[in-house]
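What follows draws every value from the coordinates through simple rules; no lab data is involved. Computed from a predicted model, the values in this text were never measured in an experiment. With ideal geometry, Cβ positions are generated from the backbone for all residues, glycine too; neighbour counts draw on all protein chains shown.
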Amino acid sequence: MSRPTAPTGVERPEREYEKVAAPKRGRSASAQSKPGRSLALILIAIVALTGGMFASGHTTPRLGIDLAGGTSITLTAVNQPGQPNAINKANMDTAVDIMNRRVNGLGVSETEVQTQGDRNIIVNIPRGTNSKEAQQQVGTTAKLYFRPVLQQEVSGAPGQSPSPGATSGGSSSPKPGAGPSTGSTPQAKGSSSATATPKATPTSQGRAVTDALKAGSTPSPSASTSPGAKPSATPSPSASSASAGLQARYAALDCTKPAEQAGAGKDAKPSEPTVACGQDGKVWSKFLLGPVAVDGQEVKKAQAAFDTQGASGWQVQMTFNSKGSSKFADITGQLAQKPSPQNEFAIVLDDQVVSHPYVQTAITGGNAEISGHFTQQEAQSLANMLSYGALPLTFKESSVTTVTAALGGEQLQAGLIAGAIGLALVVLYLVVYYRGLSLVAVASLSVSAILTYVIMALLGPTIHFALNLPAVCGAIVAIGITADSFIVYFERIRDEIREGRSLRPAVERAWPRARRTILVSDFVSFLAAAVLFIVTVGKVQGFAFTLGLTTLLDVVVVFLFTKPLMTLLARRKFFANGHKWSGLDPKSLGAKPPLRRTRRPAGPTAGPVDPKEA
């Protein structure tokens, strides 16, 4: 006896709330079944970043000059002989751009550089920045020159004995384990021995290798002698060509005295020999230098890089333009034939020697590398000097003053109170409207706030990020962006519940739609922040940087915290059963009643069954 079947054309209606597709393999099954992994990941990230913050000793964000005060430097452009019309808007704008890149080249330090009038430049350095170093960077406004070294000796240190291993008329090889090379910092720290050898690559490059001079070590007989003693190295014809007056000035020069440091080489003409001072660690040396061989403006590019193929460590890579390449090849070819220290060339900035590597062969091709136990900071400082050292104008410091915070303590406190009141109103609205779901929103906002604070504290010492008032505004605006992401997801879940689905499938079905909306919204916000950061300077950059950072953190928090937390809460009776205080009560949301399953027809003669009558 055959079993009765349903007549043709009779279809079995299915309930919509049962149409929950199984997760595809390898895509979202893990996120649905193991949300604890995502929560553990973000917890580990928070713990690691917080530990790094306390380990660095910087537990608070560095404040900008409008919140914490700082140093204000006024630089005035001065006319040079033969250039009466050099002070113009184009050159002033170029000088501002170069100074801005000097002090902000390593990150968002919020140092302000702007013109005042037709010949003044104001530099505002926030407290917490190394104001002395920044002052030297912006105040180093003289031309950058490469001069051959004719003579060198330690200044003001009588009784020095020759250093072991140094030979007259030769070049000493770098000593392993020597202290950091002082020729890499803008504080006129040079080296007394270096080598230059062609780089072992198919391209025609050279390497000028500088080495360290230990604080307690002494120069070689050929490189230095005690004051009043004649150098042991026989002066070359170029050294002998220096005038008797210049030779006497060199013999009397004591670079340990600040007044003589500042006066050495002042107003020297590029075409004439001169004297200069340089510092090796804590030891000052004096130099007799020949005429300028290469102008600093002929350095096309300079950057710090780490030597991954050798043992040089951090080094400075230089690229010259076509004119500078020819000059540099000529001077290095001449110096390579001379004994030490006359095989060295001095990098002179603001009448002070910042580095003096020596060469062993001509360096052609327009590329060179300066290395010698540099630290990263030393290499970056020297690269900044070489890149931005040649300003189109000469400046003098008209004033250096310490300024207080632009916002008083009462004003700053009032602003923080206003922000706290605004945040409290947002939380109150979430509690009233979303009830139990507000706990998820508040927890997500707390995680986002912790990550933002810790990262800002770490960015202070790393990229010199300074939190100014516009940056605070950017962080406040980001609260709305973050809260908007939660609201989008919550409303998608509530829409699914209104369709008659239970909470667990509603959470999973709502996520793909909410995710798409959140990503598009955050992408637009991040794009606007990126464009604003690129086309603006100063304080507005702080606003754009903070807005972009918090937008990225919003994506991280929503994906790794909010969604996994909702998945876990959907398994709890309080939320799963739609408690009236959960914010997911189907009755209060006006949910449709679930459709019941229809019965099969009794026999072959039964007609279509109306689902409403089932």
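Annotations
- Under-28-angstrom lysine pairs by C-alpha in segment 534-591, whenever the two are 8 or more apart or on separate chains: 4
- Exposure proxy ranking, count of Cβ atoms within 10 Å, fewest first, for 112, 298: 298, 112
- Ranked list, fewest to most other Cβ atoms within 10 Å of each Cβ, for 473, 255: 473, 255
- Of 34/592; 266/396; 301/327, those spanning more than 19 Å from alpha-carbon to alpha-carbon: 34/592
- Note on segment 308-367: Rg/Rh from C-alpha atoms, Kirkwood Rh, equals 0.99.
- Sequence of 58, 356, 373, 579 once ranked by neighbouring C-beta atoms within 10 Å, starting from the fewest: 579, 58, 373, 356
- Phi angles across segment 304-316 convert, under the Karplus curve 6.51 cos²θ - 1.76 cosθ + 1.60 with θ = phi - 60°, into 3J(HN,Hα) values of 8, 8, 9, 7, 8, 9, x, 10, 6, x, 6, 8, 10 Hz, Gly and Pro given as x.
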